[in-house]
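Reading through the structure tokens given below for one structure.
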Amino acid sequence: MILGGGLTGISAAMHLTRPWLLVEKNDRLGGHARTDETQGFRFDKTGHWLHLRDDYTKALIARILPDKMTPVARKARIFSSGVLTRFPFQANLHGLPPEIAKECLLGFIQAHEEERASPGRPAPANFEEFCLRHFGPGISRHFMIPYNAKLWGVHPREITAEWCSRFVPRPKLDEVVSGAVGANPPELGYNISFQYPKKGGIETMTRALIKEMGKQGEVALATGLDAIDLTARKIQIGGEWRPYRAVVMTIPLPELLRRVVNLPPEIEQHAARLRCTTLRYLNLATRSRPKADFHWIYVPEEKYPFYRVGIYSNAVPAMAPRGKGSFYVELSDRGERPELATITRQVAEGLAATGALKGPDDVLFAELKDIEYAYVVFDQHYYAAVNAIRPWLEAHDVFPRGRYGFWTYNAMEDCILAGREVAATIEARLAVQDRPIIHA
Ligand SMILES: Cc1cc2nc3c(=O)[nH]c(=O)nc-3n(C[C@H](O)[C@H](O)[C@H](O)COP(=O)(O)OP(=O)(O)OC[C@H]3O[C@@H](n4cnc5c(N)ncnc54)[C@H](O)[C@@H]3O)c2cc1C
């Protein structure tokens, strides 16, 4: 049984050799990796750029999408203090107003000296401390803290430091000094290039993966999980109870736990502490080609209603009709749903300040969207909760995987790999169970 037909579920179905049933509540597979089209403009569920590190996924994508992907050299920028600077902020202070660049650079040097003078200090207690310790007060104040507060919707002091080791580039002192005087190479950090379908948005990749799903399985669309009984090893879908031998569980973890029959109180307590942010964003179409050439920008300042803005059509022109632009705008406000006209005008004014478009008149249309599960919050309860819940589920042959099933921060490639791994894990476990018992 595969619960959820996003990339993790699709990949599990690709790799399982036994019969499977994939249950997806939506009327289309793909989960977060889908693309919508309006008047010839294409929009993912905000930018879904494919970064491949693993040889297996590189070979897979090359095989199933021959000549259909295009490599793109990343153009990521920061917009703050009225200027665009290179990504990552901490390694590219050049171009900032001189007094801000000086504050950031001196702060970094001071933090660097403190780290050298007192090695072996206890690990930072939270993400704010991590930023102050590794980047100093200036970089923390002008970028790390405000940007991450907008992104996560909670203050960085509520987030643990562990999650960021992979995702927050930590430049060395000489790189920071080089970046402050403009001597760094154009792009630094991980993911300096990515792949993207030449046509059709990220869903072109998703569809190619769907074609690889084995014929020994069955897909039930527009079908949600009703309930699961772990003791009786039964699952209820569409009102009907069915037995299961193993479950690839890729739907959001709280959604599953809510449906478990007789959930033990200690798991219930952990479940109540799982936190995830929602994301509100705009699909935005422009009448003219965007003035700026970046693929996306990070916007830390509170005065702008967005924290990240990307231009699909700058990366791949086919994402918009000729001479026009398609944007995604990730909004920081998670409160009451704003009126579309009001938020579109505010966004257009902000985008005009970044140089990305001429002004509100340049907007052809905008669509306001929500993502219910966007970023898992790594707060102080996170590790205790997942370390209790995951093994408990696996003991009942329910294997949580994927970004929301495993309850983590990951990317599309990780999900494809997780689907392969869980298929192998399940095949191995079932092979042991199927072995005949020989009575001596
Ligand atoms: C804003 C944002 C930007 C991102 N950008 C990138 C990027 O640039 N590059 C990148 O590599 N990754 C990116 N990602 C990450 C990427 O989207 C995920 O890693 C990946 O798509 C997750 O796949 P999944 O199958 O684990 O989960 P999902 O895609 O969420 O799939 C889970 C499926 O379960 C279904 N479901 C939910 N509840 C039920 C139920 N009760 N019954 C049945 N089905 C149910 C859902 O409809 C969904 O189809 C981004 C994520 C976000 C949120």
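Each reported figure results from applying straightforward, stated rules to the coordinates on display, with no laboratory input. Keep in mind that this is a model prediction, so the values were computed, not measured. Virtual Cβ from ideal backbone geometry, glycine too; neighbours counted across all protein chains shown.
Using 1/(1 + (r/R0)^6) with R0 = 45 angstrom and r between the beta carbons of ASP370 and ALA183, what's the FRET efficiency to the nearest 0.05?
E(calc), rounded to 0.05, equals 0.60.
Suppose each label sits 7 Å from its Cα in the direction of the beta carbon; what would the ILE437-ARG245 distance come out to in nanometres?
Going from the ILE437 label point to the ARG245 one covers 1.7 nm.
Starting from the alpha-carbon convex hull of the stretch 240-397, give the projected area averaged over all orientations, in nm².
Value for the stretch 240-397: 13.1 nm².
As a test of the formula, what do you get for the chain when each DSSP H run with n ≥ 4 contributes -39,500 (n - 2.57) and the sum is divided by the residue count, at 222 nm and rounded to the nearest 500 deg cm²/dmol?
-10000 deg cm²/dmol
Once you place label points 7 Å from the Cα toward the Cβ at LYS58 and VAL72, how far apart are they in nm?
For LYS58 paired with VAL72, the spin-label model returns 2.1 nm.
So if I average 1/r over every pair of distinct C-alpha atoms in the stretch 305-440 and take the inverse, what Kirkwood radius in Å does that give?
Taking every pair of different Cα atoms in the stretch 305-440, averaging 1/r and inverting gives 19.4 Å.
Cut-off is 10 Å between beta-carbons; in what order do MET412, MET249 appear when sorted fewest neighbours first?
MET412, MET249
Could you check how many percent of all C-alpha pairs in the stretch 31-163 are farther apart than 20 Å?
Here the tail beyond 20 Å accounts for 63 percent of pairs.
Work out from phi, with θ = phi - 60° and the Karplus expression 6.51 cos²θ - 1.76 cosθ + 1.60, the ³J(HN,Hα) of each residue of the stretch 404-421, listed in order in whole Hz, and give x for Gly and Pro.
9, x, 6, 6, 8, 10, 8, 10, 4, 4, 4, 5, 4, 5, 5, x, 5, 4
In units of 2.2 N^0.38 Å, what is the alpha-carbon radius of gyration of the stretch 328-382?
Compactness ratio reported: 1.43.
Between the stretch 19-52 and the stretch 87-153, how far is it from one alpha carbon centroid to the other, in angstrom?
What the calculation gives is 36 Å, centre to centre.
If I model the stretch 182-275 as equal point scatterers sitting on the Cα atoms and use the Debye formula, what is log10 I(q)/I(0) at q = 0.11, 0.14, 0.16, 0.19 Å⁻¹?
Values returned for q = 0.11, 0.14, 0.16, 0.19 Å⁻¹ are -0.60, -0.79, -0.89, -1.02.
If each residue's Cβ is checked for other Cβ atoms within 10 Å, how do GLU336, GLU158 rank with the fewest at the top?
GLU336, GLU158
What value does the stretch 92-180 have for Rg/Rh, both radii from Cα atoms and Rh as Kirkwood defines it?
Using only Cα positions, Rg/Rh for the stretch 92-180 is 0.96.
What translational D, rounded to a whole number of µm²/s, comes out for the chain from Stokes-Einstein when the hydrodynamic radius is the Kirkwood one over Cα pairs, at 4 °C and 1.567 mPa s?
Rounded to a whole number, D works out at 55 µm²/s.
Regarding the stretch 370-440, what whole-number volume in Å³ per residue does the convex hull of its Cα atoms give?
107 Å³
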